[in-house]
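Quick notes on the structure that follows.
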Amino acid sequence: MSNTRNRFDHINQRIDQAFKASGRSLQYPLTLLAVSKHQSLDKIEALYQLGQRDFGESYLQEALPKLSKSPHNDIVWHFIGPIQSNKTKEIAQHFQWVHSVDRVKIARRLNSQRLPEALPLNICLQVNISQETQKSGFSSTEIHTAIREITRLPNLALRGLMAIPKPAQQIVQQRQAFRQLRDLMQQINQDFGLNMDTLSMGMSNDLEAAITEGATIIRIGTALFGRREK
Ligand SMILES: *Cc1c(COP(=O)(O)O)cnc(C)c1O
């Protein structure tokens, strides 16, 4: 517990410092998403007791039992992992956010499988911002065609963009990828008359760079929970 508290305090200090250094107002909305993949329900509970409400999972099989066992109905669950077509139904029904929409087909399925009585599912489109051949995500050119169709899906709320840039040691390089994502969202908002407001970017090792470039959700795993269990 005290370890959890120390890590939680430390992350919040890093966030505060990054805000100060970037000159951003403290009113700027930033959500700390606790990435709980391969972490136990006990650790989730410990963070919940400290006030954490947003949790992110990457693997549906692992996530579903945790979601059903968790006693709290005010946790906001985010799906952030790779999505196979046959998993969209349960994702659409159990999560409030999906950060990793990387194909129009997946968006269509999530839209049709979202229960009509539920609020629209918040989604981010994953962008392959460092153009890595092995990584999923829209390229910054093909995303425009996708946006046209996805904005017509009534059970989805297109909130913004998500990226996992190629790891870089230097803050200058880290910032460059995050800035590209921010610029892309601005451009799309302009081109399509949208007001997407979410940049899901930054993890344990590069959250300062992400905040400096305008992240609104940072996804933090190991720096909050400690090393992942297998
Ligand atoms: C695992 C994961 C994270 C968290 O990574 P850490 O380095 O542990 O902070 C963030 N985003 C995604 C998409 C992940 O899969």
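Every number in this text was worked out from the coordinates using simple rules, so none of it is lab data. Since we're looking at a predicted model, the values are computed, not measured. Ideal geometry is used to build each Cβ from the backbone, glycine not excepted, and the neighbour counts take in all protein chains shown.
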A correct fewest-to-most ranking of Met201, Met196 by other Cβ atoms within 10 Å would be Met196, Met201
Of Tyr59, Tyr48, how do they rank once you tally other Cβ atoms within 10 Å and put the fewest first? Tyr59, Tyr48
Take the Cα coordinates of the chain, assign each an equal point scatterer, and use the Debye formula without solvent to give log10 I(q)/I(0) at q = 0.11 Å⁻¹. -0.54
Spatial extent of the range 59-115: Rg and Dmax, with the Cα atoms as the point set, Å: 11.1, 34
Reachable aspartates and glutamates from Lys105, Cα under 18 Å, same-chain residues fewer than 8 places away excluded? Glu90, Glu142, Glu149
Those helices of the chain passing the 27 Å axial Cα length cut-off and the mean Kyte-Doolittle cut-off of 0.0 (DSSP H runs only) are none
Alpha-carbon centroids, the range 1-29 and the range 77-97: separation in whole Å: 29
Short version: ³J(HN,Hα) in whole Hz for each residue of the range 215-229, in order, from phi by Karplus 6.51 cos²θ - 1.76 cosθ + 1.60 (θ = phi - 60°), x for Gly and Pro, what are they? 4, 10, 10, 9, 10, 10, x, 4, 5, 9, 9, x, 4, 6, 7
quick shape note, the range 104-162: Cα extents on principal axes in Å, largest first -> 39, 19, 18
Sort the range 186-226 into rounded, prolate or oblate with this rule: let a ≥ b ≥ c be the square roots of the eigenvalues of the Cα gyration tensor; rounded if a/c is under 1.5, and if a/c is not under 1.5, prolate when a/b is larger than b/c, oblate otherwise. prolate
Hey, could you grab the Kirkwood Rh for the range 117-230? Inverse mean 1/r over distinct alpha carbon pairs, Å, one decimal. 14.9
Over the range 162-220, what lengths in whole Å, largest first, do the semi-axes of the equivalent ellipsoid take, defined as the square roots of 5 times the eigenvalues of the alpha-carbon gyration tensor? 21, 11, 8
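Assuming 1.306 mPa s and 10 °C, estimate D for the range 29-157 with Stokes-Einstein, Rh taken as the Kirkwood radius over Cα pairs, in µm²/s.
In µm²/s, the coefficient is 103.
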Non-local amide H neighbours of Thr31 (under 5 Å, H modeled in plane, Pro and chain starts lacking H): which ones? Ile217, Ile218
